[in-house]
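Visitor: Take this structure, written in structure tokens, and hold onto it; I'll ask about it next.
The values are calculated or read from the model by the stated rules, or taken from the named source; none is laboratory data. Fair warning: this is a prediction, and the values are worked out from it, not measured in the lab. Note that each Cβ is placed from the backbone with ideal geometry, even for glycine, and that neighbours are counted across all protein chains shown. In case anyone asks, the SASA skips ligands and DNA or RNA and just uses the protein heavy atoms, side chains included. Shrake-Rupley method; radii C 1.70, N 1.55, O 1.52, S 1.80 Å.
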Amino acid sequence: MREVLAAAVATLGGQERPGQVAMAEAVARAMSQRRHLLVQAGTGTGKSLGYLVPALLHGDRVVVATATLALQNQLVERDLPALVDAVKDELGGDDVSFAVLKGRSNYACLHRVREGVPDDQGALLDAASLPEGSLGAEVLALREWVEDESSSGGTGERDHAPRHTDRVWRQVSVSHRECLGATRCPYGQECFAELARERAQRSRVVVTNHSLLAIDAIEGIPMIPAYDTVVVDEAHELVARVTQAATDELSASEVDRTSRRAARLVEGDEADDLGDAGEALLDALLAVEPGRVDRPPQALSDALELVRDAARSLVSALPKEPAVGSGEVPDPGAAQAKGWAQELFATAERMAAGSERDVLWVSERDRVRGGRSLHVAPLEVAMPMRHGLLADKTAVLTSATLRLGGDFDAVATSLGLWPRERVTADAPAEDEPEEDVQPWEALDVGSPFDYRRQAILYVARHLPQPGRDGLTARHLDEIAELVDAADGRTLGLFSSRRAAEAAAEHVREVLPHLTTLAQGDAQLPELARQFVGDPHTNLFGTLSLWQGLDVPGDTCQLVIIDRVPFPRPDDPLMSARQRAADQRGGNGFMQVAATHAALLLAQGSGRLIRTTEDRGVVACLDPRLVTARYGSFLRASLPPMWQTEDPAVVRQALTRLAGTPSS
């Protein structure tokens with residue numbers, strides 16, 4: 001194990017790290033003993049090699065699931081190729097292949113590209129029928145790229161395609177419900193998605209995403225080749241991604257679109273009946289205020305039943321697909337209409353059932369057209385995770401942020417691993433666990449960073465507690481003073497777009513010699529490029545900056561957090577989960593709201609120190625971090641930075657840093 005890890009590290013030009021070695025050994029032990037493992041590995045530990053090496057040496061197929069595209073690309077394009085070279089001798093020539101597997105809509109569809117896209121009535125539109133202008137040009141450029149991919153043996157993955165919008169990509173791809181099926185499609189033998197599945201079938205390591213893992217393991221839809229062991233990286237995101245994968249949406253416009261698509265394909269009134277049901281749904285939704293719906297009004301319940309029954313009738317009335325082996329090709333318009341109708345039926349049936357395990361809410365979708373959407377999401381994912389994944393697979397869950405409040409229990413509980421069942425390495429279970437018990441171990445391999453020497457946590461205790469009206473003049477002045485002391489180099493993480501824009505406007509006015517960017521001024525990659533390119537630049541934004549930005553060096557020496565990032569009180573899902581925890585006798589605020597805030601605070605603070613040379617300040621403008629009873633829980637979730645509440649001390653430190661940039 002150590003020899004292979006050392007060879008891989010050398011191949012990638014790195015150096016051995018004690019935390020990485022400890023992690024690799026723990027992961028190998030968990031895989032061989034078939035025991036769940038949670039590993040917190042701080043930034044700079046090299047955790048990807050810490051689990052990839054034991055995964056390749058394990059022998060059986062291992063699935064690696066990530067939350068972000070950036071990490072997925074790093075694993076497939078950088079880490080795994082280097083590892084394969086390093087382990088070949090160790091495995092004596094055995095197969096050490098790997099593959100990436102994504103959802104079907106992430107691959108271009110050759111049938112759609114070559115045969116055309118169904119219009120709103122289901123008729124096929126070829127390339128010549130596309131509207132002129134940028135949309136048509138982008139679609140044609142994508143089609144040419146798809147053909148080049150097909151002829152050159154490419155993967156047809158969206159991530160490798162020329163620049164395009166979501167709308168354009170839909171012209172060259174299909175969802176799994178719209179797919180004709182490999183055995184019926186005339187291009188099934190060269191289908192990009194099917195070829196990706198075949199590569200995964202032949203591979204020892206399969207890299208996928210959290211959503212596909214959830215669909216495969218929890219919803220029971222086979223998407224991934226058989227496996228017994230899974231590594232979940234960025235595991236702090238898993239609950240949110242599983243929830244997202246299990247969330248459905250229904251709107252009158254979707255019902256109407258499906259009705260129009262099916263109109264030419266059925267002889268009876270089934271399409272018209274679905275259209276009428278859509279109008280009833282629209283009227284019912286307009287009568288409900290946006291927000292959580294605990295008990296649907298009778299009109300909404302009736303409308304959902306109408307949509308459910310009409311969609312079911314339409315599915316039955318649509319043309320049946322030709323038998324496999326008949327040589328007949330299904331009508332793509334009919335296949336798409338049936339797929340949409342089946343999805344409408346499943347969603348409406350779920351919503352009409354009114355399960356206590358689901359949360360229902362209404363959102364404003366299009367105020368101009370008076371449209372609203374109805375959403376349904378699981379109240380919790382712990383039990384589905386427990387029974388769908390953890391009962392049958394060995395899971396290694398890792399992230400830089402798993403210890404919240406000083407231990408792993410909050411995250412473990414959210415994933416379906418109960419604290420009372422914890423079995424630690426130094427206190428192993430003496431007897432065989434009961435059938436439903438899921439024992440687990442936890443390990444914090446630390447970080448190569450010396451946070452007490454490299455970072456300061458400053459809490460502005462003298463400021464007022466944040467209110468609903470946004471940032472006060474005192475908050476804005478504090479931000480400007482800190483940014484001035486840092487001479488730019490500031491990443492501002494705000495709880496709302498309004499707060500970020502207000503802070504950016506104030507700093508631009510007070511400090512015009514600095515460049516201040518706000519999220520929305522340009523696409524995030526362009527903003528990040530500008531931020532990295534000039535140290536005298538500030539970047540202010542919201543949630544996507546809290547977790548997805550990696551800017552080591554002098555670019556970022558000050559991270560400002562305007563307030564503790566609790567979920568909004570009117571957030572339908574979070575408020576329902578908090579209430580459910582209270583009803584079970586727990587502390588809903590701590591289990592849901594405080595845990596959510598702790599995770600985001602840890603992730604946001606983690607933007608500051610990215611290398612052993614980085615120095616800087618995390619400035620929280622919310623005094624509750626030190627004055628509230630839950631403040632100790634939140635602070636225990638952060639890296640162990642040196643702490644102060646003195647603004648003069650912090651401004652002096654920032655001034656020194658600005659004058660002596662790190663090497």
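Visitor: Per-residue accessible area for Cys191 at 1.4 Å probe radius, Å² rounded to 10?
Guide: Around 30 Å² of this residue is reachable by solvent.
Visitor: State log₁₀ I(q)/I(0) for region 597-663 at q = 0.12, 0.13, 0.19 Å⁻¹ as given by the Debye formula over alpha-carbon point scatterers of equal weight, solvent excluded.
Guide: Debye intensities relative to I(0), on a log10 scale: -0.35, -0.41, -0.84.
Visitor: Run the 1.4 Å probe and let me know the accessible area of Thr45, rounded to the nearest 10 Å².
Guide: Only protein atoms counted, so the area is about 10 Å².
Visitor: [x] 26.5; [y] 28.1; [z] 27.3: which one is Kirkwood radius over Cα pairs in Å as calculated from this entry?
Guide: [z]
Visitor: Percent antiparallel among DSSP beta bridges with both residues in the chain, to the nearest 5?
Guide: In the chain, approximately 30 percent of DSSP beta bridges are antiparallel ones.
Visitor: Right, next: What shape does region 530-606 have by the C-alpha gyration tensor, where a ≥ b ≥ c are the square roots of the eigenvalues, rounded means a/c under 1.5, and otherwise prolate means a/b greater than b/c and oblate the rest?
Guide: Since a/c reaches 1.5 and a/b is larger than b/c, the shape of region 530-606 is classed as prolate.
Visitor: Considering the dipole of the chain built from charges on the beta carbon (Lys and Arg +1, Asp and Glu -1) around the Cα centre, which of Thr247, Thr516, Gly488 is farthest to its positive end?
Guide: Most positive-ward Cα: Gly488.
Visitor: Give the long-range amide H neighbours of Gln643: residues separated by 5 or more places, or on another chain, with amide H under 5 Å away, using H modelled in the peptide plane at 1.01 Å from N.
Guide: Leu457
Visitor: Then there is this: Before rounding to the nearest 500, sum -39500 (n - 2.57) across all DSSP H runs of length at least 4 in the chain and divide by the residue total; then give [θ] at 222 nm in deg cm²/dmol.
Guide: Helix contribution divided over all residues of the chain: -12500 deg cm²/dmol.
Visitor: How far is helix 524-533 tilted off the main Cα axis of the chain, in degrees rounded to 10, range 0 to 90?
Guide: That works out to roughly 30 degrees.
Visitor: With every protein chain kept in the model, how would you rank Trp340, Trp169 by accessible area, 1.4 Å probe, largest at the top?
Guide: In descending accessible area the options line up as Trp340, Trp169.
Visitor: Based on the mean of other Cβ atoms within 10 Å per residue, sort peptides 559-568, 78-87, 229-238 so the most packed one is first.
Guide: Answer by packing, highest mean first, reads 229-238, 559-568, 78-87.
Visitor: Also, quick follow-up: From the backbone phi of region 462-468, what are the Karplus-calculated ³J(HN,Hα) couplings (6.51 cos²θ - 1.76 cosθ + 1.60, θ = phi - 60°) in whole Hz, Gly and Pro given as x?
Guide: Going residue by residue, I get 6, 7, x, 5, x, x, 6 Hz, with x marking Gly and Pro.
Visitor: Among 533-540, 255-262, what's the highest-first ranking by average C-beta atoms within 10 angstrom per residue?
Guide: Result, highest mean Cβ count within 10 Å first: 255-262, 533-540.
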